[in-house]
1. Before we move on, is residue 159 assigned by TED's automatic domain parsing to the domain that holds residue 96, free of Cβ contacts under 8 Å to residues at least 24 places away in the same chain and surrounded by 12 or more Cβ atoms within 10 Å (Cβ to Cβ)?
2. Does residue 240 satisfy being loosely packed, with under 11 Cβ neighbours inside 10 Å and not in a helix (DSSP H, G or I)?
3. Any residue at all in the range 179-188 that's loosely packed, with under 12 Cβ neighbours inside 10 Å, modelled with pLDDT of 85 or more and in the same structural domain as residue 153 (by TED's automatic domain parsing)?
4. Is it true that residue 133 is among the charged types (D, E, K, R) and either touching a strand residue (DSSP E or B) at 6+ places or on another chain (Cβ under 7 Å) or surrounded by fewer than 24 Cβ atoms within 10 Å (Cβ to Cβ) (or both)?
5. Name the single residue that is surrounded by the fewest Cβ atoms within 10 Å (Cβ to Cβ) among those in the range 107-130 being more than 13 Å from the chain's Cα centre (by Cα) and within 14 Å of residue 175 (Cα to Cα).
6. Do we have residue 127 as of a type in the set (Ser, Thr, Tyr) and at pLDDT 95 or above here?
7. Taking only the range 1-22 into account, find how many residues are surrounded by fewer than 17 Cβ atoms within 10 Å (Cβ to Cβ) and over 18 Å from residue 111 (Cα atoms).
8. Which members of the range 99-135 meet the condition of being farther than 18 Å from residue 18 by Cβ and among the hydroxyl-bearing types (Ser, Thr, Tyr)?
Amino acid sequence: MNDDIVLTETTDNITTVTLNRPDALNALSTDLRRRLAEVFQQLKGDDNTQVIILTGNGRAFTAGLDLKELGEKGMNTDAQRSRAENNPDLQSAIRNVGKPVIGAINGFAITGGFELALACDILIASTEAKFADTHVRMGVVPGWGLSQRLSQLVGVSRAKQLSFTGNYLDAETAERWGLVNVVLEPGELLPYCRKLAADITSVNQDTLKEVHRLIDFGWENSLGEGIAEERRTSQAENQGLAAETLEENRLNVQARGRDQKDELP
């Protein structure tokens, strides 16, 4: 297995993870999936990483599962089941990394690649980004959460339109539908994501961890359960906050607000 199929670079507590099979549109081969899961498991315990940016090298974020590999081996063989049991789960590794993950969608995000994007916390897209769910055209039922997560982001009707047809969704429409937050020219994508990540590294990291967990909890549970969990966590975490600490934080928030106001056009 070649470790170069996933590149990592850490600067100022921000780690950029790059899928690096550009000649294959970063298709998710068995080796790439295994290596990417290992990288996220390592980053979970990396004290030098507070925010992760996930992107692809070349024309694609990732075109999804490696169809050439599947064409040779098929699905659900005994060998594949054995590999799955002994390999780390990619979706769980990303969703449970415990740190914000920004998906910098630089190009095609197709089927399994679409699902990989949906595992990220925040999606920022290049104008070159294109999304598609081709499960029904491949005759394969999704298994990485797309059938559940997509409708929560764009609505049931739009999710059905994408999943029932397998048609492409361009970046501008993805932004209008609420799938991605911002669409940028290709050269602006990573600088924007790094600035966003730097903003995240500047906050209270212990509080960020709890807010991150609460939002994800609400995603997977009912509104009532989410509110109850928030109340319980708030009572536990906010006890004993000193007045001096709150006043210092208030002044810092006000100063930052003035700085941001000056930056507005």
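1. Values: assigned by TED's automatic domain parsing to the domain that holds residue 96: yes; free of Cβ contacts under 8 Å to residues at least 24 places away in the same chain: yes; surrounded by 12 or more Cβ atoms within 10 Å (Cβ to Cβ): yes.
For residue 159, the condition - assigned by TED's automatic domain parsing to the domain that holds residue 96, free of Cβ contacts under 8 Å to residues at least 24 places away in the same chain and surrounded by 12 or more Cβ atoms within 10 Å (Cβ to Cβ) - is met.
2. Working: loosely packed, with under 11 Cβ neighbours inside 10 Å: yes; not in a helix (DSSP H, G or I): yes.
The answer is yes for residue 240.
3. The initial filter retains those residues of the range 179-188 that are loosely packed, with under 12 Cβ neighbours inside 10 Å, namely 185, 187.
Then keep just the ones that are modelled with pLDDT of 85 or more; that gives 185, 187.
Of the ones still in play, those that are also in the same structural domain as residue 153 (by TED's automatic domain parsing) are 185, 187.
Yes, the range 179-188 contains at least one residue that is loosely packed, with under 12 Cβ neighbours inside 10 Å, modelled with pLDDT of 85 or more and in the same structural domain as residue 153 (by TED's automatic domain parsing).
4. On the way: among the charged types (D, E, K, R): yes; either touching a strand residue (DSSP E or B) at 6+ places or on another chain (Cβ under 7 Å) or surrounded by fewer than 24 Cβ atoms within 10 Å (Cβ to Cβ) (or both): no.
Considered against the rule, which asks whether it is among the charged types (D, E, K, R) and either touching a strand residue (DSSP E or B) at 6+ places or on another chain (Cβ under 7 Å) or surrounded by fewer than 24 Cβ atoms within 10 Å (Cβ to Cβ) (or both), residue 133 comes out as no.
5. Only one residue fits best here, namely 127.
6. Numbers: of a type in the set (Ser, Thr, Tyr): yes; at pLDDT 95 or above: yes.
Against the criterion (of a type in the set (Ser, Thr, Tyr) and at pLDDT 95 or above), residue 127 qualifies.
7. Restricting attention to the range 1-22, the residues satisfying the condition of being surrounded by fewer than 17 Cβ atoms within 10 Å (Cβ to Cβ) are 1-4, 7-12, 22.
Cutting the leftovers down to over 18 Å from residue 111 (Cα atoms) gives us 1-4, 7-12.
The total comes to 10.
8. 111, 127, 134
The values are calculated or read from the model by the stated rules, or taken from the named source; none is laboratory data. These numbers come from a predicted model, not from an experiment. As a convention, Cβ positions derive from the backbone with ideal geometry for all residues, glycine included, and neighbour counts pool all protein chains shown.
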